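Worksheet: one structure, shown below.
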Amino acid sequence: MAKFVPVDPFDIIIFGGTGDLSRRKLLPALYHRWLDGQIPPTSAIIGTARSDMEPAAYRKLAREACEAASGESWDAGAWAKFEKIVHYVTIDATDPEADWPALKKLLMLDPKRPRVFYLATSPHLYVDICHAIGLAGLAAEPARVVLEKPIGTDLESARAINDGVGEVFSERQVFRIDHYLGKETVQNLMVLRFANMLFEPLWSHNYIDHVQITVAENLGLEGRADYYDRSGALRDMVQNHLLQLICLTAMEPPNDMGDDDIRTEKIKVLNALGAIAPDQVKRQTVRGQYTSGLQGGRPVKGYLEELSAANGSHTETFVAVKAEVKNWRWAGVPFYLRTGKRMSARHSDIVIQFKPAPHNVFGQGVDSVNRLVIRLQPDEAVRLFVQIKEPGPGGLRVKSLPLNLSYAESFTLRYPDAYERLLMDIVRGNLSLFMRRDEVEAAWRWVDGLIDSWEASGYQPESYAAGTDGPLSAAMMMDRDGRSWWKEG
């Protein structure tokens, strides 16, 4: 049975400690790591924000967040112990006269004790906050700073943020977080590839027909209208989540599992992504924007209605891309990416479709294709679809069925979610699941090129009804290649 290994005592300071990310993800994640005995009682969890709030009021806010995340498993006795390490300090980190001494009183300032600054704020504040941390004399190692995505809105702004943060913290101190990389099934992708000789010899253009990566959401804007309309699906999802999933799927085996070995292989994939020229964007990409429709049997508004945009908006809520990793392993293998809002269901999958058998001895209508389906959400699982004979009389009938590894069925213990896992890696100083500066900038370079091609070709988003799987053009893009999007069932 797996055991949770405690980390050393640490301090974590959450800037934006009263915000949505803190309440939904960070505080519950830390509480669950406490429940499993990973966080020592001499650690300190310190929320900070500009809001004038008493520590007792912050503990009440934290309790409500953790209780909501725990559901029926809520343990009031455990909370009574946990809340003793929860604190709050009012700081406007952009103000040079901010009350840093109040924060310093809560910190142990032990030269060996990890000190984590988690910036759960708007990215445009990252540089100012880091400079303030430096001026307060708190940036020396073993201090760490955590940056949430998006890091910038293009290559130029990403470089400006990286440069500004780098003036205070060394690259080894910067943890650029993408919570998708903390999911168990994403990490299991590397184990499947590099610990099983069954797969690695087949993992190339010799045996793989194509790869599909889908991150579908059934929600709309959900209070993020201002941010989302400035970003769109390409910047919000493709630049980080989907490109990171391509990297883990397509990367070469690292020398070992050291953080820089893994990240060096990932950057090679990003650098090998083929640019999409303006005359190819309508064949290799699809932009969409949802209109009103039915979601779960109830009517929902279209994007422009949710946005209340009197003059309209050309922001895409759906993107599909046919990408290519131009190297020896993957030459000629298309990687189909797809993400969107208000789609028919919420799910995230990586589908590895192998080439069909060279000669079908069972006649027409028999599928001889194997697929490895890695589901990231909502129910984490790995399924290998193989062909078997369907039992019964009446001739030989072949059916595709999965060899199924369901995390919920195979592992009855609750295992840490993505943020829980990544927070403990930050405390340990393990950078392997975090993006290096050159990764972020290489991803933006490719995305900026695609945006430039959209603008040069005048390609505007196509409409799709809420509750569907995106514009018809996305299905047509696959159909032109004699393929279709994977749909289970």
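Quick check on residue 52: is it under 16 Å from residue 415 (Cβ atoms) and open to solvent by 40 Å² or more (accessible area, probe 1.4 Å)? In short, no.
For residue 155, the requirement of being open to solvent by 10 Å² or more (accessible area, probe 1.4 Å), closer than 16 Å to residue 436 by Cβ, within 20 Å of the chain's Cα centre (by Cα) and of a type in the set (A, V, I, L, M) is met. The residue of the stretch 340-396 that is farthest from residue 215 (Cα to Cα), among those that are among the charged types (D, E, K, R) and modelled with pLDDT of 85 or more, is 355. One residue stands out among those in the stretch 137-150 that are assigned to a strand (DSSP E or B) and not aliphatic (A, V, I, L, M): the one that is farthest from the chain's Cα centre (by Cα), which is 144. Count of the stretch 247-287 residues, restricted to those that are free of Cβ contacts under 8 Å to residues at least 40 places away in the same chain and polar (S, T, N, Q), is 2. Considering only the stretch 246-288, state which residues are basic (Lys, Arg) and in a helix (DSSP H, G or I). Matches in the stretch 246-288: 263, 266, 268, 282, 283. Against the condition hydrophobic (A, V, I, L, M, F, W, C), out of contact with any helix residue (DSSP H, G or I) (no Cβ under 8 Å at 6 or more places or on another chain) and either over 22 Å from residue 139 (Cα atoms) or surrounded by 21 or more Cβ atoms within 10 Å (Cβ to Cβ) (or both), how does residue 62 come out, does it pass? So residue 62 does not fit the description; no.
Scanning the stretch 117-139 for residues that are touching a residue at least 24 places away in the same chain (Cβ under 8 Å) and farther than 28 Å from residue 231 by Cα gives 133, 134, 135, 136, 138, 139. Taking residue 198 as meeting all but one of (1) at pLDDT below 95; (2) touching a helix residue (DSSP H, G or I) at 6+ places or on another chain (Cβ under 8 Å), write down the number of the exception. Among (1) at pLDDT below 95; (2) touching a helix residue (DSSP H, G or I) at 6+ places or on another chain (Cβ under 8 Å), residue 198 violates only (2). Could you list all residues from the stretch 412-452 that are closer than 24 Å to residue 154 by Cα, open to solvent by less than 10 Å² (accessible area, probe 1.4 Å) and either among the charged types (D, E, K, R) or part of a helix (DSSP H, G or I) (or both)? Once the filter is applied, which keeps residues that are closer than 24 Å to residue 154 by Cα, open to solvent by less than 10 Å² (accessible area, probe 1.4 Å) and either among the charged types (D, E, K, R) or part of a helix (DSSP H, G or I) (or both), the stretch 412-452 yields 439, 440, 442, 443, 444, 447, 450. Counting only strands (runs of 3 or more DSSP E) that sit completely within the stretch 295-386, those holding 1 or more residues that are touching a residue at least 24 places away in the same chain (Cβ under 8 Å) and under 24 Å from the mean Cα position of the chain (by Cα) correspond to 318-324, 334-340, 347-354, 371-377. Kindly provide the set of residues from the stretch 170-216 that are open to solvent by 50 Å² or more (accessible area, probe 1.4 Å) and assigned to a loop (DSSP other than H, G, I, E, B), ordered by number. Of everything in the stretch 170-216, those that are open to solvent by 50 Å² or more (accessible area, probe 1.4 Å) and assigned to a loop (DSSP other than H, G, I, E, B) turn out to be 195, 196, 197, 198, 205, 206, 207. Every condition in (1) closer than 26 Å to residue 98 by Cα; (2) in contact with a helix residue (DSSP H, G or I) (Cβ under 6 Å, 6 or more places away or on another chain) holds for residue 173 except the one numbered (2). A Cβ distance below 7 Å, combined with a sequence gap of six or more or placement on separate chains, defines the contacts here; from the stretch 213-235, residues that are closer than 27 Å to residue 186 by Cα and of a type in the set (Gly, Ala, Ser) reach residues that are in a loop (DSSP other than H, G, I, E, B) and open to solvent by less than 50 Å² (accessible area, probe 1.4 Å) in the pairs 216/345; 220/341; 220/342; 231/150; 232/315; 232/316; 233/316; 233/317. Candidates are the residues of the stretch 453-489 that are touching a residue at least 12 places away in the same chain (Cβ under 8 Å) and among the hydroxyl-bearing types (Ser, Thr, Tyr); the one that is surrounded by the fewest Cβ atoms within 10 Å (Cβ to Cβ) is 463.
The values are calculated or read from the model by the stated rules, or taken from the named source; none is laboratory data. Only a predicted model underlies this, so the values are computations on that prediction, with no experimental measurement involved. Note: ideal-geometry Cβ built from the backbone for every residue, glycine included; neighbour counts use all protein chains shown. Only protein heavy atoms, including side chains, enter the accessible area calculation; ligands, DNA and RNA are left aside. Shrake-Rupley method; radii C 1.70, N 1.55, O 1.52, S 1.80 Å.
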